[in-house]
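Below: the structure, in C-alpha cells.
The values are calculated or read from the model by the stated rules, or taken from the named source; none is laboratory data. Keep in mind that this is a model prediction, so the values were computed, not measured. Virtual Cβ from ideal backbone geometry, glycine too; neighbours counted across all protein chains shown.
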Amino acid sequence: MNTQGGSGVLQLERIGSVVVLRLNRPGAMNALSRELRQALIAAFRSLQEDAAVTAAILTGNGRAFCAGLDLKELASDGIASVKLGSSEDMMGAILDFDRPIIGAINGVATTGGFELALMCDVLLASPEARFADTHARVGVIPGWRLSQLLSRIIGINRARELHFTGNFLSAEQAERWGLVNRVVPAGELLPMALSLARDMQSCDQPTLRAYKRLVNQGYEMSLGDALTLELTTNSLSTANATSELIGQRVAGVQARGRTQTSK
C-alpha cells in the first residue's frame with residue numbers, strides 16, 4: 001500500500017515498509033534551508049521510532065539532488081546557525097537511523113548536498129547526477145565528514161583533487177571511482193532503489209540493523225579494533241541462535257538462490 005505524507009520542503013511516500021523522502025525545493029535546487037534541515041531531522045527521528053519501516057530512500061525533486069546549504073539564508077543568518085553536534089544537527093538524526101538508507105541521486109549534489117549523499121548507505125545515480133565539493137571556494141571547512149569520509153571511499157589523491165578544485169565529478173566517473181554503486185537511467189532510478197530496498201527487507205531485520213551498526217562503527221576503527229568488534233558482535237548474535245532457526249534461514253537463502261538463478 002502506498003501512502004503519502006509531508007508537505008512543503010520535504011515529501012514522504014510510504015511504499016509498503018519503505019519510505020521515500022523527496023527534497024522538495026526544486027526552484028532552489030533543493031538547497032538545505034533551515035526549514036528543510038528541520039524537516040529531515042523530524043522525519044528521520046520519526047522513522048527511527050517506527051518499527052514497521054525497513055528502509056528509506058532519499059532523493060530530490062527537479063533537476064538537483066541537493067545544492068548544499070542555502071547560501072542566501074546563510075548570508076543573513078551566518079554559518080553558526082547550522083548547529084552541528086546539537087539536537088538540531090541534521091547529520092546526527094540521519095546517522096541515528098538504524099536501517100538502510102539508499103540515496104537515489106537524481107541530479108547535482110554539491111558541497112553540503114555531497115555530504116548529505118554520503119550519509120546514505122548505498123548510492124545509485126542517474127546519468128544527470130554530478131558531485132562537487134566547493135567548500136574551499138566559499139571559504140568554509142566541512143563539518144559533515146566530507147574531508148575525512150571521501151578519501152576513505154575513493155582514495156586520498158582523488159579526494160584531494162575534488163576538495164582543492166571544486167570541479168564536478170560525473171556520475172560515470174563516480175561509479176568508476178567507487179563513489180556510487182551504479183548508474184541507471186533516470187526513469188529506472190527509483191525502481192532500482194525500491195528493488196534494493198525490498199531485497200534488504202527480505203533479510204532478518206534485527207541482524208541487518210546490527211550489521212549496519214557493525215560496518216559503520218568498524219569503518220572508523222583500525223583493522224585490529226574492527227576485527228575485535230566483529231568477534232564481539234558475532235558472539236552476541238549467535239548466543240540465542242538455535243540450530244533450528246539457522247536451518248530455517250539457510251533454507252530460505254537456498255530457495256531465494258534457486259529463484260534468482262531461474263530468472
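Quick notes on this structure:
- When each of L179, L194, L189, L208 is tested for being in contact (Cβ under 8 Å) with a residue 24 or more places away in the chain and not in a helix (DSSP H, G or I), the lone residue that passes is L179.
- Considering the stretch 20-62, the residues that are of a type in the set (D, E) and not in a helix (DSSP H, G or I) include one that is surrounded by the fewest Cβ atoms within 10 Å (Cβ to Cβ), namely E49.
- Exactly one residue among P206, P185 is at pLDDT 95 or above and farther than 24 Å from D89 by Cβ, and that residue is P185.
- Single condition L95 does not satisfy, out of (1) buried (at least 22 other Cβ atoms within 10 Å of the Cβ); (2) modelled with pLDDT of 95 or more: (1)
- Taking the criterion of being closer than 16 Å to C120 by Cα and touching a Ser or Thr at 6+ places or on another chain (Cβ under 6 Å), the only residue of the stretch 196-230 that qualifies is L214.
- Leading residue by the ranking (farthest from N181 (Cα to Cα)) among those in the stretch 144-157 that are without any contact (Cβ under 8 Å) to a residue 60 or more places away in the chain and not in a helix (DSSP H, G or I): R145
- Pairs with Cβ under 8 Å, 6+ apart, first in the stretch 26-50 and outside the structural domain of M119 (by TED's automatic domain parsing), second among the hydrophobic types (A, V, I, L, M, F, W, C) and not in a helix (DSSP H, G or I): none
- Residues that are assigned to a helix (DSSP H, G or I), exposed (fewer than 12 other Cβ atoms within 10 Å of the Cβ) and without any contact (Cβ under 8 Å) to a residue 60 or more places away in the chain, drawn from the stretch 211-224: L223, G224
- Exclusive hit being of a type in the set (K, R) and free of Cβ contacts under 8 Å to residues at least 12 places away in the same chain, set R130, R160: R160
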